[in-house]
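Below: the structure, in structure tokens.
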Amino acid sequence: MVKQRRWRWIVGWAILAVLVAVAASGLDWPRVLSAASEAEAGWLAAAVLANASVLFLATAEWLLFVPAGASVSARTMFSIVAVTATVSNGAPLLAGHVTGVHLLATRGGLGPAGGVSVTILDQIAEGLAKWTLLVIAIALVPNFEYRTSGMTILLGGPGLTFGFAVLAHRADFLDRLAREAGGRTRALFGFLSQTVHRLDAIRSPGLFGLGLALAIAKKAAEGLAIAAIALALGVDLLPWHVVGAVLAVSLSTAVSITPANLGVYEGSLVLVFRAAGVETGLALALALLSHVAFLLPIAGPGLVLESLRIWRGLREDN
């Protein structure tokens, strides 16, 4: 069974590689490389800094969502967020979420239920941030093409928030189910009850609102980074172009198909930039540089921090 899955994985990647090679063969790569090489370093640095701020905003957001009575230092939380971001941008679907829960439970000292509660609140805030971005896009972007998938967010974001808010205020209901159930069902309801009891932030509109503001600020930082890359290449993007680009990336990369969303990220941006009137070669250069400027500050710090941690551990063992 394991061998079959491995072969499917290998065959799938081989097919994907062939498709990418065929698609790439028709592109004017000299034009792409020429445009990328002429990018202004100052704007590229600004894009990297804008994306780097996402990790700090996420750290502040997760600190707000720590259950009442628990405490995690800002330094520890930053390392947890950084490593989680690295795994999210290089591993299969949900691996980043699992990593975040594990690190929050162990290094953060929150336990499994506490780790899950922070992750739930983060995902609710992320969903509402995309909801906000979608509403702005519907208002600003002409011929908006994400209405079908967007409706899922329009309906699901507030619905999910409302559902967990109700659960958080009625945690005693799960307590009763846990007491009345038996066997594994009792253990399951017991864990759910512990998790819901730790959703303290959602019981406080002000606290959760601040966390949501930070989640929206992360999207704004991504938009500023894309705008900075465009300026580095001498491309003038209108505000709705930037909104459309951030939304396209958010929707197309919601389900990770390739490591670091390679190809998916670029493809979604190229579609938006072409719709904005940017010629193909320049649009691809803009998409490639945007992805690099995103990955370096988002996935890089976690890789460095975890490598240093492993190296220190090896030195202590010796």
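The values are calculated or read from the model by the stated rules, or taken from the named source; none is laboratory data. All of these numbers come straight from a predicted model, not from anything done at the bench. Positions of Cβ are backbone-derived with ideal geometry, glycine not excepted, and every protein chain shown enters the neighbour counts.
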* Search result, residues across the range 261-318 that are more than 17 Å from Leu238 (Cβ to Cβ), of a type in the set (D, E, K, R) and out of contact with any Leu (no Cβ under 9 Å at 6 or more places or on another chain) -> Glu306, Arg309, Arg312, Arg315, Glu316, Asp317
* Asked: Across the range 89-143, what is the total count of residues that are in contact with a helix residue (DSSP H, G or I) (Cβ under 6 Å, 6 or more places away or on another chain), at pLDDT below 85 and not in a helix (DSSP H, G or I)?
  -> 2
* State whether the residues of the range 46-65 include one that is of a type in the set (Phe, Trp, Tyr), surrounded by 23 or more Cβ atoms within 10 Å (Cβ to Cβ) and closer than 21 Å to Pro297 by Cα. => yes
* To do: Could you please find all residues in the range 254-297 being closer than 18 Å to Lys219 by Cβ and in contact with a Phe, Trp or Tyr (Cβ under 6 Å, 6 or more places away or on another chain)?
  => His291
* Structure fact -> Just one listed residue, out of Ser204, Ser193, is surrounded by fewer than 19 Cβ atoms within 10 Å (Cβ to Cβ), hydroxyl-bearing (Ser, Thr, Tyr) and at pLDDT below 95, and it is Ser204
* Asked: Looking at Ala221, Ala230, which one is buried (at least 23 other Cβ atoms within 10 Å of the Cβ), of a type in the set (Gly, Ala, Ser) and part of a helix (DSSP H, G or I)?
  -> Ala230
* Any idea which of Gly281, Gly300 is under 22 Å from Ala50 (Cα atoms), small (Gly, Ala, Ser), out of contact with any Ser or Thr (no Cβ under 7 Å at 6 or more places or on another chain) and not in a loop (DSSP other than H, G, I, E, B)? -> Gly300
* Structure fact -> If you go through Ala248, Ala260, Ala285, the only one that is crowded, with 23+ Cβ neighbours inside 10 Å, over 21 Å from Ala125 (Cβ atoms) and touching a residue at least 60 places away in the same chain (Cβ under 8 Å) is Ala285
